[in-house]
Structure formats: C-alpha cells, structure tokens
Amino acid sequence: MNYARFLTAVSAARKPSPIRMLTELQQRSPPSLISLAGGAPNPNTFPFQSASIQVKNGQTITFDEVAMNRALQYSASSGIPELLTWMKNLQKNLHNPPTASYAPEKGQMEMCVTTGSQEGLCKVFEMLVNPGDNVLLDAPTYSGTLATPLGCNLINVSSDHHGMIPAALKEVLSRWDPSEVHKPGSTAPKILYTIPNGGNPTGASMTTQRKQEVYELARQYDMLIIEDDPYYYLQFDKPWAPTFLSMDVDGRIIRTDSFSKILSSGLRIGFVTGPKPLVDRVVLHIQASTMHTSTFTQLMVSQLLHGWGQEGFLQHIDRVIEFYSKQRDAMISSADKWLKGLSEWHAPSAGMFLWIKLKGIADTQQLIMKKALEKEVLLVPGGVFMINSSEPCPYVRAAFSLATPEQIDEVHTHTHTQEHTHFYTDFNLSQIFPQAFRRLASLIKEAL
Ligand SMILES: Cc1ncc(COP(=O)(O)O)c(C=O)c1O
C-alpha cells in the first residue's frame, strides 16, 4: 500500500520531537546510564509517595516509591511498553491479523495507547482527512465523530440493524471509476468510517458477510477503513464476529479499541491498531499534543492486566457481558410492555443502546427536549446522530447501561459478601425502564 497518498499535508509534515526521542531512549536504557539530557522534573519533589488500590477480586495494585516515581513521570508517547506488549498479544490472539507478520513498511500491525479511543479517532481523522474530501460513513452515527471539525463532505451509506449495506456502498461508489481513484484530483473517497458492533446510537452489529463485502469494495477503490469498535467486548453472543482487522490482508484497517466500557471510562485508556506507517504518524501527533496518556493510569491498568492474564481479562469481560445483556433484556421487556404498537426497535446483540422509532412522530427533538423533560424522562433525540441534525428524525436513543443508586449499592454489598463471579448477576433490576417507557408511551399518545 502507498500510505503516503492518504496523509494530509499536516500529518505528512510531522517530525519526531527530538526531546521526546531522547526521553524514550533514556527509558529503554539500563539504570547505569547517566543522563543529563532530559528536561523531566525530579519526582522526589512531587507530593505523592505510594498508592495501593484494591481490586474487587481481592487483588491489590501497589505503587511503592519506585513505581510511584515512574507513574508520576513522563513516559513514551506510544504507551508504556508492558501495556503495549500485553495488548499486542491480546490483539493477535483475538483477531489474528494477517499484517502481524508483515514488514514494517508493508503495513505491519502496530499499536499505540491513546487517551480514550476518542483521542485516537480524532488523530486518525486529522491524519487522513483534508477539508473538502469525501468521507463515507453509515449515519446515524456516534455524535463524537460528527463533532470532529473535519470540514469534509460526509457521505451517508444506508444501513439497517445489520450495519452498513454493501449494495448501498457499491451504489454510492459507482459515481467513481476504480481505475481512476489514483489520478491527481480524483474526488473518490479514501476513507470509510464505521462502528461494527453495537453501533452508537443504533445498536446495529455488522454481519461477517457484510464486512467481507465492504472490505472487498475498499480494496477495489483503495480506501482505508476506520473500525471504531468500543463495543467489541460487549457482544452478547459467542462466537464474536470476526473483525475487519482479522480480514486485513492489505493493511488498510485502522482499528480503535477502548477500555471505557469494560474497565473504566474515567481512566481514559484506548488503543489504535493499524499499519505501522500510519500508527507512527498518530504517535508523532501525540508527541506534539498530549505527549502521552497518563503514566499512572497506564501502569494501574497494566498491573491489573498482568495480574489477571488474558484468561482473567476475558472472564471479567464475560461478567460485564452478563450484566449488560440482563440490562438489555430488562429494557426490551419494558419496551414490549409499554411501547408495542407505538414504536419499533430491534433487540441489539451488542453495546448499550436501544434505537427506538416512534410511530407517527416526524421529529423527536421537541418531544424529548421539552415534554419528556417535563415528565422527568431523558432520552437522546435521534437527530443529533444524523449528518444533517436539522432534518426531522423519528428516532430516540435509550441507553440500558445505567444503573440506579440502589443497584450500585447492591454491587457494594455483594462485593464484600459474595464470590465476585456472582456480583454482576444478582441485580434486582429496578423499575426504572418500565417507568421511563410508561412516560414515553403517554407522551407519544398525547402527540398523536
Ligand atoms: C462509537 C464510539 N466511539 C468512540 C467513543 C469514545 O470512547 P472513549 O474515548 O471513552 O474510548 C464512544 C463513546 O461513547 C463511542 O460510542
């Protein structure tokens, strides 16, 4: 692949920061190295001494003085080595990417840590999208992506509850001739963005067949695919769907993963995985912006993961899935009870969202932002997930992730009294979903 053709002028012009390179060199060197090179502050002057963090399974994550000094110090822009190595092994085991064995310049699989997957996505867009470019996506889509000020022309590819429709993509792409996409001045899209599992807001998950067809079209038109997959680990049914990364024989997939939905959203840990020439550019951008994701949170997560091993990590994921699938079932049964006949929805097989079409309501904005608020029920009007948010939209997004304070209290009680393998399952699901949908149902009836 000729990666240079995809880079924006800003990204192509990025140069390594000499100071950052010295810092990273120093951190890879033996302790006997006397370095007067770095401009790092002396951690002995920092007020924090040590930390000990209790994990719910009884494990303790400790930062003695040495570890604490490291946690409080600058670190490598691509991420701390032990977290990166752990994640690379996980990626290889889960996705077996063909690119893992490629030469670096041919698109070898590379990774970096980002401050949440949002940072990775934003930097990937800046690397690849010029103002005026045509970019493909399947709207409705994540409002965080739409908020990125790309100045590009977003082209919607139709989708349904199985994700982007390959025939619709083919139709959109038929405006261009595949043999001409490399010609100077071609307006053919170079980028396709999609959320393949438990889409935000639609809850849609793409089938393997569709992914294969979309990948083939990407090959035909020499496009990169941005696979934004924060709900990958929240797929309720096994086996999990193969990812675009697992099909990537060319090195045209840039994948973003997130720990937000499974470990913590506040720690801000995400990952970019993709061809080395592109991931290296993201790292150059990190060098010039945040410098790196918090060393402290990376070390905290790394200790947790090394303590768990891959098996322990996947067991934790199973418990998270069990929790969310129960929440999903509770929301669906409330919707069945209160919204049947008034609305339509598909039960999502991943993620944390139910995408509800209100029958007979042309646009949900007013209903939700005014009347629903008065009735004390908050949902997201579907328009905010559309490319043109001013067009009428009959949908609302309901999240089934939320837990009431009573539920949270229960977690605390159960953690101390029960085997931790059970505490996710013993929720007494409260009345919150039925209450919300009863109120929504009465609002729809009033509006009809
Ligand atoms: C589709 C999608 N992508 C990316 C993100 C950003 O997640 P984070 O930055 O917390 O990893 C979210 C958050 O909700 C999301 O729904």
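The values are calculated or read from the model by the stated rules, or taken from the named source; none is laboratory data. Here the structure is a predicted model, which is why all the values come from computation and not from measurement. When we count neighbours, we look across all protein chains shown, and the Cβ atoms used for this are built from the backbone with ideal geometry, even at glycine. What goes into the accessible areas is simple: the full protein's heavy atoms, side chains included, and nothing from ligands, DNA or RNA. Shrake-Rupley method; radii C 1.70, N 1.55, O 1.52, S 1.80 Å.
Using a simple spin-label model with pseudo-atoms 7 Å out from Cα toward Cβ, L36 and S143 lie 5.5 nm apart. Once backbone amide H atoms are built at 1.01 Å from N, S343 has K359 as its partners under 5 Å, excluding neighbours fewer than 5 places away on the same chain. Each of the peptides 203-214, 250-261 was scored by the mean count of other Cβ atoms within 10 Å over its residues; in descending order, highest first, they stand as 250-261, 203-214. With the helix formula -39500 (n - 2.57) applied to DSSP H stretches of n ≥ 4, the chain reaches a computed 222 nm mean residue ellipticity of -11500 deg cm²/dmol. What distance in nm separates the two pseudo spin-label positions at T290 and S158, each 7 Å out from Cα along the beta-carbon direction? Roughly 3.8 nm, to one decimal.
Which ³J(HN,Hα) values, rounded to whole Hz and listed in residue order, are derived for the range 394-400 from phi using the Karplus coefficients 6.51, -1.76 and 1.60 in 6.51 cos²θ - 1.76 cosθ + 1.60 with θ = phi - 60°, glycine and proline given as x? So the Karplus estimates, Gly and Pro as x, are x, 9, 9, 10, 10, 9, 9 Hz.
Given the range 155-271 reduced to its alpha-carbon atoms as identical point scatterers, what log10 I(q)/I(0) does the Debye formula return at q = 0.12, 0.16, 0.17 Å⁻¹? The computed values of log10 I(q)/I(0) come out as -0.46, -0.77, -0.85. The range 122-184 and the range 55-79 have Cα centres spaced 40 Å apart. How large is the translational diffusion coefficient of the range 1-134 in µm² per second when you combine the Kirkwood radius over alpha carbon pairs with Stokes-Einstein at 37 °C and 0.692 mPa s? Answer from the Stokes-Einstein relation: 178 µm²/s. Straight-distance candidates among the lysines for linking to K56, with alpha-carbon spacing under 27 Å and chain neighbours fewer than 8 residues away dropped: K88, K238, K261, K326.
Please pull out the direction-averaged projected area of the range 1-77, using the convex hull of its alpha-carbon atoms, in nm² to one decimal place. Can you show the working numbers first?
Numbers: hull surface 38.0 nm².
For the range 1-77, the mean projected area of the Cα convex hull comes to 9.5 nm².
Computed over the Cα atoms of the range 48-117, what is the ratio Rg over Rh, Rh following Kirkwood? The partial results should precede the final answer.
Numbers: Rg = 16.1 Å, Rh = 14.7 Å.
Across the range 48-117, the Cα-based Rg/Rh ratio is 1.09.
Rolling a 1.4 Å probe over the heavy atoms of the protein chains gives the range 38-134 an accessible area of 47 Å² per residue. Specify whether the C-alpha gyration tensor of the chain places it in the rounded, prolate or oblate class, a ≥ b ≥ c being the square roots of the eigenvalues: rounded for a/c under 1.5, otherwise prolate if a/b is larger than b/c and oblate if not. Judged from the Cα gyration tensor, the chain comes out oblate (a/c at least 1.5, b/c at or above a/b). With R₀ set to 35 Å, the beta-carbon distance separating Q54 from N388 gives a calculated FRET efficiency near 0.10.
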